[in-house]
Structures are given as C-alpha cells and as structure tokens.
Amino acid sequence: METRLKVLLSAYACEPGKGSEPGVGWNLAIHMSRLHDVWVLTRANNRVVIEEELQRNPVANLHFCYHDLPVWARFWKRGPRGVQLYYYLWQLTGVRVVRALHRRVGFHLAHHVTFVKYWMPSCVAFLRVPFIWGPVGGGVSAPLPFWRELGLSGVLYEALRTVGRWVGEHDPLVRLTAQRAAIVLSTTQETAVRITRLGAKRVKMMLEAALPQNELDQLGRIEAPKVGPFRFVYIGRLLPLKGQHLALRAFALAKLPDAEYWIIGGGPAQTQLENLATELNIK
C-alpha cells in the first residue's frame, strides 16, 4: 500500500477555472491531492472562488491556508501595480505562517508551485523537510538584436525584467532557496543554467503548462473543418517579448492563399499588434 504524504504547496497564484499562473497553482494542487494529503498556502483574495468551487466539487484530502499582508501594509498595491514587491514581502511573511502550520500538521514535503519564477525566494524552502522548487522559469530573454523591434514599452519591460533578475540572483534568500531544494524543476534550459549557478544541487526539466485528460478528450471529439481557410492560432498574453510582431510579419510575407491568423489574448502589446496588422494589410 502506497504511503500518503502530507504535502505543503506554496501557490500564491491559485484559482479554479483560470489559465496561466492561477491555473498552474490550482491544477497541481488538484492532481497532487489524488495521491497525497495536500495543504495549499495561497492569497486570501483567492478564498471566495476556491471555496465556491470546492462546495460544488469537493476534493478529498485538499486543504487551504490563506495568507496576506495586513491591510495597512498593502494599501499601495492595486492590481498588477506593485505585484513584484508585494509577492516578495508575501514570501517573507509567509515563513512564520508555514512554520506554525508545520508544527500543527507535520509535513513530509514542501513544494513551491507559483509564481513560476526563479528569481524570488520561497517561504516553504525554510522548513526542515525535503523541498521541491518548481516548475520555475524566467531565465529566457529576447536576444539584443531583437530589442529594436520591441518598441519603447517593450524595451523598458525587458530592461526592468533583466535588472530584476540580476538583483534576484544576488539575493541571499534566493540563493538559499536554490541550495535548500532537493530538486529544482526548470521550465527551460536557460533557466536551468541560471539556477545551477545559484547553487542548486539537482535540476530537471519540466514544463509548467498542461491540459487535464477531460479537456484532451473534448478536443479529440472535435471534428477537423472539412473546408475553409487554413488557420493559425496564438493563445496567451500579448507581451512584446512573446514575439507576435515577428509572427505577423512572417504571416504577411508568406502570402498564403486562403489562410487566417488568430490571436487570442490581451495585454500591453495589443494596440501595437493591431496597428502592425493594419500596416501589413492583413487586419
């Protein structure tokens, strides 16, 4: 008979029915609870949607612990504004929370899930139990020759991201997080190289994105269109570093007969991409 472990997940972003980081946190928690007893540390503002979902679809062996900074210490955070600093402080203040929870529950394993980034510390790394870090990413940058295509906002975004990563790599708490990990799961080879330089003992590759089996089954039941245009599709955030401006230029140059390019998503680069599509006469 397999032993069920008591596992603590750190999932700052964790929300049912969502994609991106919230979907990663939620789906990993759901899948792990099938094999083990799971406690999830997440933000308090996720509580309502999580509890509504668990009321509709109860999940055995899955527990949630909600943590946020006091109101007086988070008045400056509004949506995405200040999220990086807030996340860092959330991890620092979370150490006291997870240690108290560990004294009560007695975990066998700690696992950091979200945010999926390697250049910030994780509060669960500082428990005296085996620690898994990841999947984490963030080590990939747009090559410098491509920066001139990013536009002013894109260059600023990439420059700030590069500075933030450099600061993170020199943060003693980030280095300690990497060194305490029994295994680090890296989303890219570039990230794996950077994490190894931080002192991680064992790094393996693993993507953070996946589809559950029921969605794969649904997709498999959809019949392919018999007639009509050949369609390309991009699904994701519209950020300059994603390179959709290059894809649009390639699509325009290809002059494919009876073809469409669908972009599904939103983000800072949306207006830039719409203007480019008009300029290329493919809108």
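Identify, from the list PRO130, PRO121, the residue that is modelled with pLDDT of 95 or more and open to solvent by 20 Å² or more (accessible area, probe 1.4 Å). Even if it seems obvious, please write down each step before you answer.
On the way: PRO121 fails: open to solvent by 20 Å² or more (accessible area, probe 1.4 Å).
One residue alone meets the criteria, PRO130.
Any residue in the stretch 152-174 that is in a strand (DSSP E or B) and within 27 Å of MET32 (Cα to Cα)? Walk me through it before giving the result.
Step one: filter the stretch 152-174 for residues in a strand (DSSP E or B), giving none.
No: zero hits.
Residues to consider are LEU150, LEU160, LEU156; find the one that is farther than 18 Å from HIS31 by Cβ and surrounded by 21 or more Cβ atoms within 10 Å (Cβ to Cβ). I'd like the intermediate steps shown before the answer.
On the way: LEU160 fails: surrounded by 21 or more Cβ atoms within 10 Å (Cβ to Cβ); LEU156 fails: surrounded by 21 or more Cβ atoms within 10 Å (Cβ to Cβ).
Selected residue: LEU150, the only one of LEU150, LEU160, LEU156 that is farther than 18 Å from HIS31 by Cβ and surrounded by 21 or more Cβ atoms within 10 Å (Cβ to Cβ).
The conditions are (1) over 30 Å from THR271 (Cα atoms); (2) more than 18 Å from the chain's Cα centre (by Cα), and LEU156 fails exactly one of them. Which is it?
In the conditions (1) over 30 Å from THR271 (Cα atoms); (2) more than 18 Å from the chain's Cα centre (by Cα), LEU156 misses (1) alone.
One residue is enough: does the stretch 48-56 have a residue meeting the conditions open to solvent by 30 Å² or more (accessible area, probe 1.4 Å) and either under 25 Å from ALA178 (Cβ atoms) or touching a residue at least 40 places away in the same chain (Cβ under 8 Å) (or both)?
First pass over the stretch 48-56, keeping only residues open to solvent by 30 Å² or more (accessible area, probe 1.4 Å): 48-49, 51-56.
Adding the requirement that they be either under 25 Å from ALA178 (Cβ atoms) or touching a residue at least 40 places away in the same chain (Cβ under 8 Å) (or both) leaves none.
No: the stretch 48-56 contains no residue that is open to solvent by 30 Å² or more (accessible area, probe 1.4 Å) and either under 25 Å from ALA178 (Cβ atoms) or touching a residue at least 40 places away in the same chain (Cβ under 8 Å) (or both).
Got a number for residues in the stretch 224-248 being crowded, with 16+ Cβ neighbours inside 10 Å, in contact with a helix residue (DSSP H, G or I) (Cβ under 8 Å, 6 or more places away or on another chain) and without any contact (Cβ under 8 Å) to a residue 40 or more places away in the chain?
The number of residues fulfilling the criteria is 4.
What are the residues in the stretch 35-79 that are assigned to a loop (DSSP other than H, G, I, E, B), more than 19 Å from GLN91 (Cβ to Cβ) and not aromatic (Phe, Trp, Tyr), if any? Spell out the reasoning first.
Taking the stretch 35-79 first, the residues assigned to a loop (DSSP other than H, G, I, E, B) are 35-36, 57-61, 68-70, 74-77, 79.
Subsequent filtering for residues that are more than 19 Å from GLN91 (Cβ to Cβ) retains 35-36, 57-61, 75, 79.
If the condition is that a residue be assigned to a loop (DSSP other than H, G, I, E, B), more than 19 Å from GLN91 (Cβ to Cβ) and not aromatic (Phe, Trp, Tyr), then LEU35, HIS36, ASN57, PRO58, VAL59, ALA60, ASN61, GLY79 are the ones that fit.
Here is a list: LYS226, LYS204, LYS255. Which entry is modelled with pLDDT under 90 and of a type in the set (Lys, Arg)?
Values: LYS204 fails: modelled with pLDDT under 90; LYS255 fails: modelled with pLDDT under 90.
Selected residue: LYS226, the only one of LYS226, LYS204, LYS255 that is modelled with pLDDT under 90 and of a type in the set (Lys, Arg).
Can you tell which of ARG197, ARG180 is open to solvent by 80 Å² or more (accessible area, probe 1.4 Å), touching a strand residue (DSSP E or B) at 6+ places or on another chain (Cβ under 7 Å), of a type in the set (D, E, K, R) and touching a residue at least 24 places away in the same chain (Cβ under 8 Å)? Working first, answer last.
On the way: ARG197 fails: touching a strand residue (DSSP E or B) at 6+ places or on another chain (Cβ under 7 Å).
Result: ARG180 is the single residue among ARG197, ARG180 that is open to solvent by 80 Å² or more (accessible area, probe 1.4 Å), touching a strand residue (DSSP E or B) at 6+ places or on another chain (Cβ under 7 Å), of a type in the set (D, E, K, R) and touching a residue at least 24 places away in the same chain (Cβ under 8 Å).
Report every pair of residues separated by at least 6 positions or lying on different chains whose Cβ atoms are under 8 Å apart, first residue within the stretch 201-223 and in a strand (DSSP E or B), second of a type in the set (Ser, Thr, Tyr) and modelled with pLDDT of 85 or more.
So the pair list comes out as VAL203/SER186; VAL203/THR196; LYS204/SER186; MET205/SER186; MET205/THR187; MET205/THR188.
The values are calculated or read from the model by the stated rules, or taken from the named source; none is laboratory data. Treat the numbers as computed from the prediction; the structure is a model and nothing was measured. Please note: Cβ atoms are built from the backbone with ideal geometry, for glycine as well, and neighbour counts cover all protein chains shown. Just so you know, the surface numbers come from the protein's heavy atoms only, side chains and all, with ligands and any DNA or RNA stripped out. Shrake-Rupley method; radii C 1.70, N 1.55, O 1.52, S 1.80 Å.
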